[in-house]
1. Give the residue that is surrounded by the most Cβ atoms within 10 Å (Cβ to Cβ), with candidates limited to residues of the range 99-116 that are touching a helix residue (DSSP H, G or I) at 6+ places or on another chain (Cβ under 9 Å) and in contact (Cβ under 8 Å) with a residue 60 or more places away in the chain.
2. Given Glu25, Glu51, Glu86, Glu69, which one is at pLDDT 95 or above, surrounded by 18 or more Cβ atoms within 10 Å (Cβ to Cβ), touching a strand residue (DSSP E or B) at 6+ places or on another chain (Cβ under 7 Å) and among the acidic types (Asp, Glu)?
3. Quick one: Glu92 ticks every box in (1) more than 14 Å from Cys33 (Cα to Cα); (2) of a type outside the set (A, V, I, L, M, F, W, C); (3) in contact with an Asp or Glu (Cβ under 7 Å, 6 or more places away or on another chain) except a single one, so which number is it?
4. Is one or more of the residues making up the range 117-133 among the small types (Gly, Ala, Ser), surrounded by 13 or more Cβ atoms within 10 Å (Cβ to Cβ), within 18 Å of Asn36 (Cβ to Cβ) and in contact with a helix residue (DSSP H, G or I) (Cβ under 9 Å, 6 or more places away or on another chain)?
Amino acid sequence: MSSKHTYLSHTADIAFDVEADSIEELFIESFNCWLNSVVENISPDAEQKIEIKLSADSLEQLLVDFLNEVNFLLTVKKILCVDVEELTIDKEKLSLNAIMKIQNVKDDLMLKEEIKSVTYHQMEIKEENGKYYVRIVFDI
């Protein structure tokens with residue numbers, strides 16, 4: 001697995017360019033961008049899990065929906081997704097199935113940023129020479 005992301009300076013948002021070897025790795029690295037944007041220190045030894053199942057009309061919508069779902073779990077349900085245990089994407093059916101490691105948010109959890117939403121701004125998933133690329137913008 002050789003995925004990576006690059007932070008992009010942005011005035012009112014947080015933005016990343018993400019690169020990965022597969023579409024699944026692109027989604028996982030995008031999740032890591034979200035996680036690193038919202039929390040400073042996480043406990044990776046979470047034992048609880050949650051399943052996320054989504055379908056969409058495009059890969060971009062699927063990615064936005066996935067990241068907005070983990071953000072919703074944090075901000076509304078007070079559940080922090082700390083790791084992706086398993087993630088599969090069906091590019092034909094435009095569906096996602098993910099098993100996420102979670103932990104309940106404690107009162108002492110310090111958020112770095114509160115992300116309002118993941119946006120479609122400048123988002124286009126591209127595949128070039130066996131690599132996948134996307135720009136992600138988080139509205140803060």
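1. Ile115
2. Checking each option against the conditions leaves just Glu69.
3. It fails just one condition, (3).
4. Here is the first cut: in the range 117-133, the ones among the small types (Gly, Ala, Ser) are 117, 130.
Now restrict to residues that are surrounded by 13 or more Cβ atoms within 10 Å (Cβ to Cβ): 117.
Still in the list and also within 18 Å of Asn36 (Cβ to Cβ): 117.
Then keep just the ones that are in contact with a helix residue (DSSP H, G or I) (Cβ under 9 Å, 6 or more places away or on another chain); that gives 117.
Yes; the residues of the range 117-133 include at least one that is among the small types (Gly, Ala, Ser), surrounded by 13 or more Cβ atoms within 10 Å (Cβ to Cβ), within 18 Å of Asn36 (Cβ to Cβ) and in contact with a helix residue (DSSP H, G or I) (Cβ under 9 Å, 6 or more places away or on another chain).
The values are calculated or read from the model by the stated rules, or taken from the named source; none is laboratory data. Just so it is clear, the structure is predicted and the values come from calculations on it, not from any experiment. Positions of Cβ are backbone-derived with ideal geometry, glycine not excepted, and every protein chain shown enters the neighbour counts.
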